[in-house]
């Protein structure tokens with residue numbers, strides 16, 4: 001049985017804080033932080049689309065596996081639908097990666113401003129925030145690569161299902177490969193979410209530490 005990742009594959013987003021008022025350097029950093037959040041708007045949208053596509057693909061898979069080889073023509077049709085679904089997921093994944101890259105570009109400006117901070121405590125906190133966010137970006141790239149590998153293995157699975165001479169052993173081996181990769185994806189997703197949560201906490205603490213007043 002192929003594991004279902006849509007239920008386990010969730011995501012955390014960085015949080016928007018609103019308008020801020022405070023010292024010039026702190027305000028400038030805040031603007032960069034919020035620009036990074038805004039750049040990830042398409043990431044959230046792409047993630048929602050991915051989850052819907054994952055659910056649809058799982059339904060196609062379940063339907064295929066409920067059929068006998070006497071229904072091979074219908075199996076072939078459903079496998080083609082699943083392959084199209086995987087193509088769409090690759091497109092959404094590319095959108096997600098672009099959004100994260102845009103966010104990273106916006107966030108890169110934060111480091112340039114740390115030298116303008118008068119408070120050593122605030123500067124140390126911002127440096128910790130930068131390190132966490134950069135780790136988050138790296139974690140997302142690992143997650144993306146794991147997901148890409150998962151799509152490739154699923155594509156191989158549906159191509160196999162289109163083969164009328166497919167042997168059960170070969171099918172089971174491919175399903176095992178897909179499931180193993182799904183476990184990698186879920187682990188990478190968990191790591192990414194943990195870093196996102198950690199960053200959100202650091203960001204909220206920054207606003208308090210830098211004595212920035214926010215207006216929603």
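Computed from the coordinates by the stated procedures, all read-outs in this text should not be read as laboratory data. Because the structure is a prediction, the values reported are computed rather than measured. Positions of Cβ are backbone-derived with ideal geometry, glycine not excepted, and every protein chain shown enters the neighbour counts.
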Verdict on residue 180 being surrounded by fewer than 16 Cβ atoms within 10 Å (Cβ to Cβ) and in contact with a helix residue (DSSP H, G or I) (Cβ under 9 Å, 6 or more places away or on another chain):
yes
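Here is a yes/no grid of residues against (1) touching a helix residue (DSSP H, G or I) at 6+ places or on another chain (Cβ under 9 Å); (2) closer than 30 Å to residue 126 by Cβ; (3) assigned to a helix (DSSP H, G or I):
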{"residue": "60", "(1), (2), (3)": "yes, no, yes"}
{"residue": "64", "(1), (2), (3)": "yes, no, yes"}
{"residue": "72", "(1), (2), (3)": "no, no, yes"}
{"residue": "75", "(1), (2), (3)": "yes, no, yes"}
{"residue": "85", "(1), (2), (3)": "yes, no, yes"}
{"residue": "92", "(1), (2), (3)": "yes, no, yes"}
{"residue": "96", "(1), (2), (3)": "yes, yes, yes"}
{"residue": "102", "(1), (2), (3)": "yes, yes, yes"}
{"residue": "105", "(1), (2), (3)": "yes, yes, yes"}
Does residue 50 meet the test of being touching a residue at least 60 places away in the same chain (Cβ under 8 Å) and crowded, with 17+ Cβ neighbours inside 10 Å?
no
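Would you confirm, using the coordinates I've provided, whether residue 165 is outside any helix (DSSP H, G or I) and either touching a strand residue (DSSP E or B) at 6+ places or on another chain (Cβ under 6 Å) or free of Cβ contacts under 8 Å to residues at least 40 places away in the same chain (or both)?
Considered against the rule, which asks whether it is outside any helix (DSSP H, G or I) and either touching a strand residue (DSSP E or B) at 6+ places or on another chain (Cβ under 6 Å) or free of Cβ contacts under 8 Å to residues at least 40 places away in the same chain (or both), residue 165 comes out as yes.
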Under the condition of being surrounded by fewer than 19 Cβ atoms within 10 Å (Cβ to Cβ) and in contact with a helix residue (DSSP H, G or I) (Cβ under 6 Å, 6 or more places away or on another chain), which residue from the stretch 114-124 is nearest to residue 89 (Cα to Cα)?
114
Kindly provide the set of residues from the stretch 53-64 that are in contact (Cβ under 8 Å) with a residue 40 or more places away in the chain and over 14 Å from the mean Cα position of the chain (by Cα), ordered by number.
55, 57, 58, 61, 64
Name every residue in the stretch 105-139 that is touching a residue at least 60 places away in the same chain (Cβ under 8 Å) and under 21 Å from residue 190 (Cα atoms), in order of residue number.
128, 129, 132, 133, 135, 136
